[in-house]
Amino acid sequence: MRILVSSLSSKIALYQKIVEGVKRISPDAVVLGADCDADCEGAKTLESKNFLVMKRLEEYSSQEICDFLSAHQISHLIPTRDGELSFWAQNRKNLKQKNIEVMVSKPQVIDLCEDKLEFYNRTKILEINSIQTESSPENIQKKTFVVKERYGSGSNTIGINLKQNEALEHAQKLKTPIFQPYIPGKEFSAETWIDRNGTSHGILLRWRTRVIDGESHESITFKNKDWEKNIKLLFESIPGLQGHCLAQVIVSSGGSLQLVEINPRLGGATPLALSAGLRSIDWFLLESMNQSHLIPETPNFQEGVQLIKKNKIVSISASPTTPNNFH
């Protein structure tokens, strides 16, 4: 078994947690990292035999990517970046024919999650209301707005808590801007693993207590049975979601939940979820080995596990006195 973590970049903590999961299932397995940047942090950290330099994905045809992965005897592939999900989703069937399993959702749901306007229109009547999203601020009955790109992540170009004239001015800097009401409140992420039948195996909640450029630099796990139940129903009501997925949710001052987005991939703070008992990597491998009966329907997650990222070093601890450091 040879597992490839694509778009490795500087995701060393995530890579190390993936290795832990893989080794629990197959102690002799090899976990490789890959990136188009030969000088990325991952390339410097991993042994050279465990790092592959790839071309940009748009430079590969379907046959070429199959040949590349087959040449390196890759059996499983785990994407880690929004921008690559569509490529792997489109090529998943071809790779499956080569006995290469990819942890990725179906193409149509990848497209849905990348298009914020379409996502709102399709999900606003589900178990948790999506935050209102419009192509113009005139249709939003609020005085302050969030402005962001309609497609992809683009967290570095977002405008937050802007008056209408400021929002329109900020929108001129974007390619395809969309507008949302600014909703003050606490923000949390809900992570899960979804099997090939669309069943969500547990919901792990974590407060996003410090966020930089859209990524949690401080986060702590917690439990709320009602929220977990509703978010599980939310995930399972979107056909095509599969593998590791996370939802970002705002709790308004009145206590209602507003769905911001769903990211159908491992995230920057996913090492925390993996440490707290969401064993997505283990379950992905077990499912690929036709051993789904070993995957728990309702796994138990640890509450109060904290992640802190500082100076590119990720620390995870069950209490402040017992950290596990991942560089």
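Once you reduce the range 60-75 and the range 218-274 to the center of their Cα atoms, the two points are 33 Å from each other.
In a Gaussian network model over the chain where Cα atoms closer than 10 Å are linked, find which of Phe119, Phe68, Phe188 has the largest mean-square fluctuation. Of Phe119, Phe68, Phe188, the most mobile in the Gaussian network model is Phe68.
If you run the Gaussian network model on the chain, springs between alpha carbon atoms under 10 Å, then out of Lys17, Lys116, Lys142 the most flexible one is Lys142. The charge dipole of the chain, taken about its Cα centre with unit charges on the Cβ of Lys, Arg, Asp and Glu (plus for the first two, minus for the last two), comes to roughly 400 debye. With the convex hull of its Cα atoms as the shape, the range 106-241 has an orientation-averaged projected area of 8.6 nm². Shown here: the chain, whose C-alpha atoms stretch 57, 45, 40 Å along the first, second and third principal axes, sorted largest to smallest. Distance distribution note for the range 1-148: the fraction of Cα pairs above 27 angstrom is 36%. Per-residue 3J(HN,Hα) values for the range 253-258, derived from phi via the Karplus relation 6.51 cos²θ - 1.76 cosθ + 1.60 with θ = phi - 60°, read 4, x, x, 7, 9, 10 Hz in sequence order (x marks Gly and Pro).
Using bins of 5 Å that start at zero, the share of Cα-Cα pairs per bin across the range 184-326 amounts to 2, 10, 20, 23, 20, 14, 8, 3, 0, 0, in whole %.
Helix content alone sets the calculated 222 nm mean residue ellipticity of the chain: runs of n ≥ 4 DSSP H residues at -39500 (n - 2.57) each, divided across all residues, give -8500 deg cm²/dmol.
Tell me, what is the percent relative contact order of the chain, built from C-alpha pairs under 8 Å that lie six or more residues apart? Mind dumping the intermediate values first?
Numbers: 649 pairs, mean separation 52.3, N = 327.
So the answer I get is 16 percent.
Highest mobility in the GNM of the chain, judged by mean-square fluctuation with C-alpha springs under 10 Å and restricted to Thr144, Thr176, Thr221, is found for Thr176. Compute the angle between helix 225-236 and the longest alpha-carbon principal axis of the chain, please, reported from 0 to 90 degrees and rounded to the nearest 10. Helix 225-236 and the main axis of the chain meet at about 70 degrees. Any idea what angle helix 82-97 forms with the longest principal axis of the chain, computed on alpha-carbon atoms, 0 to 90 degrees, nearest 10? Taking Cα atoms only, the helix is inclined about 40 degrees.
Computed from the coordinates by the stated procedures, all read-outs in this text should not be read as laboratory data. A quick note: this is a predicted structure, and the numbers were derived from the prediction, not measured. Positions of Cβ are backbone-derived with ideal geometry, glycine not excepted, and every protein chain shown enters the neighbour counts.
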